Amino acid sequence: MFVKIIIKYSHFLDLYDVPNERSHHCSVTPSGAGIGFILAFFIAVIGFEFSIFLEFWYIFLAIFTVFAVGVYDDRNDVSARLKFLVIFFAVFILWLNGLSINTLGIWYGYNITLFPLVALLLSMFAISGFTNALNLIDGIDGLSSSVSLVILLFFTFIGFEYHDTLIIILSTFTMATISGFLVWNWNPAKIFMGDSGSLTLGFIIGVISMLSLNYIHPIAILYLAAIPILDTLVVMVRRIRRKKSPFSPDKTHIHHIMVKFFDMNVKKTVVFLVIMQIVFSSIGYIILDSINNGGNSNIALFSLFGFGFMFIIFYMIFTGIKKRQIVLDKI
């Protein structure tokens, strides 16, 4: 309902996306749907789980802080620096209340616990990085919301497996709200989520990831949220090697390359990447069960090298395709 209201009054609210050289759409399209489905998320939590809302007020305050800068960015362009500062502040709120990445997991019998300041800095780096990663894959209709649904579904499994009510509520309520949005965002999209949606959605998944560290090895999270992470790493390494800012916008993301060079339409690209995320998340779930049940650090180490190997494969494939196309265009 809230998303439909945004669609109806998008021009009055100055919430619309004008096509540019990086766009896949050709007409002016309403944006800022995140305002609708994130508000629905808060209303649902307060309405159905008010006790959880009161108990973990600092988590919802941090989420709302990121949401606020996203809403402001949907109407006024905000610099990447300001968005990162706001996310850092939101993570600081969580850290003050005891929620951060305070361990790197158990390796060969040793639990690598981090000093509080190191935990804060690592949390800021990791959460802002993933929040930005989900924002970056929001480049074609339905991709970020579909991939997020897969990631949240597997975190829901973790919540049920370890009887963690907070993880279950955050995951299922977010899934419910973005499912309603996806109806309007599926290609051809009638509305885009905007930064109010992508930034907040990425931050929520980041928060759930930190909560999950109470039960699972950090390496498993790399697989549970693989597609946004791999895409961002590939794009940023490519930009740095070309001596450009890692945050400079372009059309070299995995989904852009698949649509342009693999002769795949938007729907096929989204379905393919969603299937890949399901495969990665399934591997991550198997990894966390293997590590937790057997306590074998060799599995964690092998999984870490495996993820690095996947990054190299992704980088070689998608960078190679881009270079070959540039040569063909010159010829």
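The values are calculated or read from the model by the stated rules, or taken from the named source; none is laboratory data. Small disclaimer: the values here were computed from a predicted structure and weren't measured. We place every Cβ from the backbone using ideal geometry, glycine too, and count neighbours over all the protein chains shown.
Points to keep in mind about this one:
- If the condition is being over 21 Å from residue 166 (Cβ atoms) and of a type in the set (D, E, K, R), then the range 36-94 contributes 73, 74, 75, 77, 81, 83.
- Out of 2, 12, sole residue that is of a type in the set (Phe, Trp, Tyr) and either touching a Gly at 6+ places or on another chain (Cβ under 7 Å) or modelled with pLDDT of 70 or more (or both): 2
- Any hit, the range 285-295, residues being under 20 Å from the mean Cα position of the chain (by Cα), modelled with pLDDT under 75, outside any helix (DSSP H, G or I) and among the small types (Gly, Ala, Ser): no
- Sole residue being modelled with pLDDT under 90 and within 27 Å of residue 186 (Cα to Cα), chosen from 274, 279, 259: 259
- Residue, farthest from residue 265 (Cα to Cα), within the range 162-190, restricted to residues that are free of Cβ contacts under 8 Å to residues at least 40 places away in the same chain and in a helix (DSSP H, G or I): 168
- Options 166, 136, 170: the member that is buried (at least 19 other Cβ atoms within 10 Å of the Cβ), modelled with pLDDT of 95 or more and hydrophobic (A, V, I, L, M, F, W, C): 170
- Test result for residue 95, buried (at least 16 other Cβ atoms within 10 Å of the Cβ) and either under 29 Å from residue 270 (Cα atoms) or in contact with a helix residue (DSSP H, G or I) (Cβ under 6 Å, 6 or more places away or on another chain) (or both): yes
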